[in-house]
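Presented below is the structure to which this report refers.
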Amino acid sequence: MYLFVKKNNKTFNMKIFNLKKKIIKIYNKKKIKKKNRKIILKGMSYLNKGIISTIKKTRKKYKVNKWVKKIIILFFKIKKNFFLNKFNFVIHDKFKNKYSDKNKKYFKKKNIRITNLSFARYGSYISNNVIMMPCFVNVGARIGSNTLIDSWSTVGSCAIIGKNVHLSGGVGIGGVLEPINKKPVIIENNCFIGARSEIVEGVIIKKNSVIAMGVYIGSSTKIYDRINHKFYNSYIPKNSVVVSGCLNYGFYSLYSVIIVKKRDIGTKKKIKKNKNLIDNS
């Protein structure tokens, strides 16, 4: 239910279940005892390795694993800020870069390509075959395999990015840690998000969708499907091609996004990744 690895291991599943009970118990207390620090740190380690996630998917919809978010909040409480000033790179924070203790062998094994100035906070999960140009990935976020995060893109806390996703330059993906029950942005598999676009406030982009450059989508943004003449609330249906637009209300117009068509061969050619860029070897 909560795992992304070792799903058939009953013993391991029981460990996760016990961890959940302990975290909830610790969270409900006013003070955190020293003996509980190890439990919180273990939970963060699982989150960092992708063993647990802040989001679980049922057949019909996504739900928040509130207890996993509680691990992050507890981590904030027990960790003191540390200071690092090295090679003109300054940090004064509770979270280190998740790659600060990794060597070349690790990156070759995971087939991850990461450039200077990229920062993935400890507690985020980056899958195999990911390319990270100068970008920022916040705690609790989850990045699927074969995904490209282009220059100056940001992925918010607990946001979910699927497999084979392209986040173009300067894209902003919203996340949310609190309120605990709120869902972050979720970008499903095989999506393309155009440069300088912003997806925030728990909006879901369904698989195989293409978002054009400079599109802003929040929970209150009107999403109009010109093909089927209908509106969608806080999500983009699968295989959609989306552009910025406006809707006329008589004396005034309001910003909206328009689903102009379904993804086709022409769209696929425009957004196809260069194989030479994908090869991280």
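The values are calculated or read from the model by the stated rules, or taken from the named source; none is laboratory data. Note that the structure is predicted; figures quoted are calculated from it, not measured. Note that each Cβ is placed from the backbone with ideal geometry, even for glycine, and that neighbours are counted across all protein chains shown. SASA here: full protein model, heavy atoms, side chains in, ligands and nucleic acids out. Shrake-Rupley method; radii C 1.70, N 1.55, O 1.52, S 1.80 Å.
As a test of reading the structure, rank Tyr27, Tyr252, Tyr62 by solvent-accessible area (1.4 Å probe, protein chains only), most first. Walk me through the numbers before you get to the answer.
On the way: Tyr27 55, Tyr252 125, Tyr62 30 Å².
Largest accessible area first, the residues go Tyr252, Tyr27, Tyr62.
Would you mind computing, in nm to one decimal, how far apart the modelled labels at Ser219 and Arg37 are, each placed 7 Å from Cα along Cα→Cβ?
According to this spin-label approximation, the distance is 3.7 nm.
Between Lys109 and Lys56, what is the label-point separation in nm under the 7 Å Cα-to-beta-carbon projection?
The modelled label-to-label distance comes out at 2.9 nm.
Using a 1.4 Å probe on the protein chains only, how many percent of the accessible area of the chain belongs to carbon and sulfur?
53 percent
In nm, what is the difference between 0.36 nm times the number of residues separating Ser234 and Lys182 and their Cα-Cα distance?
On the way: separation 52, 0.36 × 52 = 18.72 nm, distance 1.31 nm.
Result: 17.4 nm gained on full extension.
How many Å² of accessible area per residue for region 117-212, probe 1.4 Å?
Accessible area per residue, region 117-212: 30 Å².
Once every DSSP H run of n ≥ 4 in the chain is given -39500 (n - 2.57) and the sum is divided by its residues, what mean residue ellipticity at 222 nm do you get, rounded to the nearest 500 deg cm²/dmol?
For the chain, the value works out to -6500 deg cm²/dmol.
Tell me the label only: which of (i) 59; (ii) 47; (iii) 44 is percent of Cα pairs over 26 Å apart as calculated from this structure?
Derived directly from the coordinates: (ii).
Order of 84-90, 52-58 by packing, highest average Cβ count within 10 Å first?
Details: 84-90: 8.9, 52-58: 18.0.
In decreasing order of mean packing, 84-90, 52-58 become 52-58, 84-90.
Given the peptides 71-78, 189-196, arrange them by the average over their residues of other C-beta atoms within 10 Å, most packed first.
Ranking the peptides 71-78, 189-196 by packing returns 189-196, 71-78.
Please work out how much length the chain gains when fully extended from Val243 to Phe17, using 0.36 nm per residue of separation minus the C-alpha to C-alpha distance, in nm with one decimal.
That pair, Val243 and Phe17, stretches by 77.0 nm at full extension.
Rolling a 1.4 angstrom probe over the protein chains, ignoring ligands and nucleic acids, what is the accessible area of Met213 in square angstrom, nearest 10?
Accessible area, nearest 10 Å²: 150 Å².
Over what distance in Å are the Cα centres of region 15-43 and region 208-222 separated?
Rounded to whole Å, the Cα centres lie 38 Å apart.
Using R₀ = 30 Å, calculate the FRET efficiency as 1/(1 + (r/R₀)^6) where r is the Cβ-Cβ separation of Lys80 and Asn116; round to 0.05.
0.65
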